[in-house]
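Read through the structure below, which is laid out as structure tokens, and then see the notes.
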Amino acid sequence: MNADVNSQAPGAVLKRERVRDRILELIESRRPGDPIPSERALCADFGVSRPTLRAAVDELVVAGLLVREHGRGMFVAPEKITQELVSERQGLTLPQASGAWSSRLLEFTTIQAGARVGRKLRLSPAARIVYVARLRLVDGAPMAIEHLHIRADLVPGLSAQELESGDLYEHLREHHDVHVREAVQAIEPTVVTRAEAELLDVPELSPALLFERLTSDTTGRPVEYVHSLYRGDRYRIVSRLTLGPAATATAAAEPPAGHHPGIPPGDFAHRDTVVSTTRGDVQTP
């Protein structure tokens, strides 16, 4: 790990990540409107300080997953509306985002999966995973914070150099014989915490995009779970859609998959074909 890229104490990123995962486990095991234990009880249960716990809770409140009610406590927030446009034949291509991308490691270690990540990767909570936190830069400027959780049994000998240079999936294919095939990704608006703001060089509570991705290999086995935070002032998603019957011929030659945000679901209730090209666009400050 490059010590010069992380001004925080070693393990700080992982500690926040583990607290966040524990609270998310509570949220996912309950229904909207259900209470969760008090901050004092959670501190005792998790063995963490009040500021550490509160930072994680604040992040989840801002993300719309928890609701604080004065004098009553904390509750699971109402479910979010999820839009998914599905057709029998779809195309999705993902051109490279603009700019020269590089990575700096913040943390790199092997840990137990835990209940939440284990469920996503179809592993037992005690199974070993490689946890990686890395700062992604574009033309030398911080752009995103990535938290990667990779099955340790698939990547023996995974090195820090592989995670700092080149394409991760290319390294997985060439050095570990792991061939990824499909990824399911969700994108939500959020804001950055104080610690994230320091890493991204933006003010606290600045807007950001939260990406969550589960990647599987050619056998359908989950390979990695990733959640990433991208600067909202510099990064945007651009989609080009071909809609209706005219898309049919193009879609026949494209692989299935895709997500098409911003289109009211009722507009395509008749299930016409939709072909999408999506790219990341780094905006000049």
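Remarks
- When the GluC sites (Glu not before Pro) in region 180-231 are filtered for DSSP coil states and for at most 14 other beta-carbon atoms within 10 Å of their beta-carbon, the remaining sites are GLU204.
- A probe of 1.4 angstrom, applied to the heavy atoms of all protein chains, finds THR109 with accessible area near 50 square angstrom.
- Note on ASP153: accessible area is roughly 100 Å² with a 1.4 Å probe, heavy atoms of protein only.
- Near ASP153: Cβ cut-off under 15 Å, other residues only, Lys/Arg at +1 and Asp/Glu at -1. The net charge is +1.
- Take each peptide in 40-49, 97-106, 55-64, count the other Cβ atoms within 10 Å of every residue, and average; sorted highest first, the result is 55-64, 97-106, 40-49.
The values are calculated or read from the model by the stated rules, or taken from the named source; none is laboratory data. Since the structure is predicted, the reported quantities are computational estimates derived from the model, not experimental observations. Glycine gets a Cβ as well: all are built from the backbone with ideal geometry, and neighbour counts include every protein chain shown. Surface areas here come from the heavy atoms of the whole protein model, side chains and all, with no ligands, DNA or RNA. Shrake-Rupley method; radii C 1.70, N 1.55, O 1.52, S 1.80 Å.
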